[in-house]
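Input: a single structure, listed below in structure tokens.
The values are calculated or read from the model by the stated rules, or taken from the named source; none is laboratory data. Bear in mind that the values here come from a model prediction, so they are computed numbers and not experimental data. Cβ atoms come from the backbone with ideal geometry, glycine included; neighbour counts cover every protein chain shown.
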Amino acid sequence: MWISSAPLRISLAGGGTDVPGYASRFGGLVLGATTDLRVTVVGRPAGTHRHIRACLDECSSSAGAGITNPFAREALSRHWDGSPLDLASFADVPGGSGLGSSSAFSVALVAGLEGGALTQDQAAEAASSIEMHGLGRPVGRQDQYLSAHGGFRTIDFHRDGTVAVEEVPVDEEFVHRLDEELLLFFTGRTRDAGEVLGEQNARVAHSDRDAERRLHAIKALTPLALDALKNNDATALGQVLGNHWELKRHLGSRVSLPSVERAYADALDAGASGGKLLGAGGGGYFLVHSRAACRDDVRTAMATHGFTEQPFRFDTRGVRVTSVDPAGQPTRLPTRPPL
């Protein structure tokens, strides 16, 4: 039996510039970090039945092509030989909530199916191919790379399709401060990121100047967010989040919601320095920065709108695979570092 898990991510700056329609023309640059919230997949070769038995969104038993979860179905067709298998997954947050859960699931599943033999880059590329090519979803690759590598990272998406990942050193005490000052709230609404991104991608594909200008400006925020991390300036990072949201909220008609606009306005009035919806938008989780003196007021403002706080901390661990011998002890199967 193997247990594989991958972290959920928070995109701090540059999100949206990793989508191929933009990155292939202008190059994308993203800064993000992973959290202690994770997706876990458990797999066990099974000899008591002839099918793949999966308990994912729902339980099913069939040949690989009959698995209802599309990410699992595509991963199994690429990375499993079709022999009997028991498969189950668990996540710390709902799917479709802006923290990259579908990508984390794909990264964890592929890494587990391959027995931990993939490098982080290979796991990220395999998971990206499942979502973008196998399923035809109009998404980028930042989620897969962040989930595979873990930690604070910049990811440079070159126009030729290659990807460069760099670790961002952040002072440990400052990370603890961010753990306290960055607040995460669930809007109560989930959505399909591909559907929300569809309009943005169409605008970029048709060389919409406003969409291009906004994405250029979003990319330019990444160095500012990096400076905030290097200078231990949490308020400056919050302001970057706010600037990002002002640019992002007009990229498509489904990115924002009236309820989000009202809650965010009240959070700013309560003392928040900035914030944004994570992921594609349209619901999910809203990230807000607040100094210690204002935290309770910001929490009250968000709770008044029915937004529920989700505790989290930053965590440097990327994808992890462990082999469990029922008669012995767990054995870590470390995913290899990039070549």
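Tabulated data
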quantity: Residues that are touching a residue at least 60 places away in the same chain (Cβ under 8 Å) and either of a type in the set (A, V, I, L, M) or surrounded by fewer than 17 Cβ atoms within 10 Å (Cβ to Cβ) (or both), drawn from the range 171-182; calculated: D171, V175, L178, D179, E180, L182
quantity: Where L339 falls short, out of the listed (1) modelled with pLDDT under 95; (2) under 21 Å from R153 (Cα atoms); (3) among the hydrophobic types (A, V, I, L, M, F, W, C); (4) not in a loop (DSSP other than H, G, I, E, B); calculated: (4)
quantity: Residue count, the range 121-163 (criterion: crowded, with 23+ Cβ neighbours inside 10 Å, part of a helix (DSSP H, G or I), of a type outside the set (G, A, S) and at pLDDT 95 or above); calculated: 7
quantity: Test for S106: is it modelled with pLDDT under 95, closer than 30 Å to E309 by Cβ and surrounded by 23 or more Cβ atoms within 10 Å (Cβ to Cβ); calculated: no
quantity: Pairs, first at negative phi and modelled with pLDDT under 95 in the range 27-46, second crowded, with 18+ Cβ neighbours inside 10 Å and among the basic types (K, R), C-beta under 9 Å, six or more apart; calculated: A46/R53
quantity: Qualifying residue in the range 150-167 (condition: aromatic (F, W, Y), within 15 Å of the chain's Cα centre (by Cα) and closer than 30 Å to R291 by Cα); calculated: yes
quantity: Residue that is nearest to V260 (Cα to Cα) [pool: residues in the range 94-117 that are touching a strand residue (DSSP E or B) at 6+ places or on another chain (Cβ under 6 Å) and hydrophobic (A, V, I, L, M, F, W, C)]; calculated: L99
quantity: Members of the range 122-141 found to be in contact with a Phe, Trp or Tyr (Cβ under 8 Å, 6 or more places away or on another chain) and in contact (Cβ under 8 Å) with a residue 40 or more places away in the chain, listed by number; calculated: I130, E131, L135, G140, R141
quantity: Leading residue by the ranking (farthest from D315 (Cα to Cα)) among those in the range 142-170 that are of a type in the set (D, E, K, R) and free of Cβ contacts under 8 Å to residues at least 40 places away in the same chain; calculated: D160
quantity: Residue list for the range 124-146, restricted to those being hydrophobic (A, V, I, L, M, F, W, C), under 20 Å from L56 (Cα atoms) and within 15 Å of the chain's Cα centre (by Cα); calculated: A127
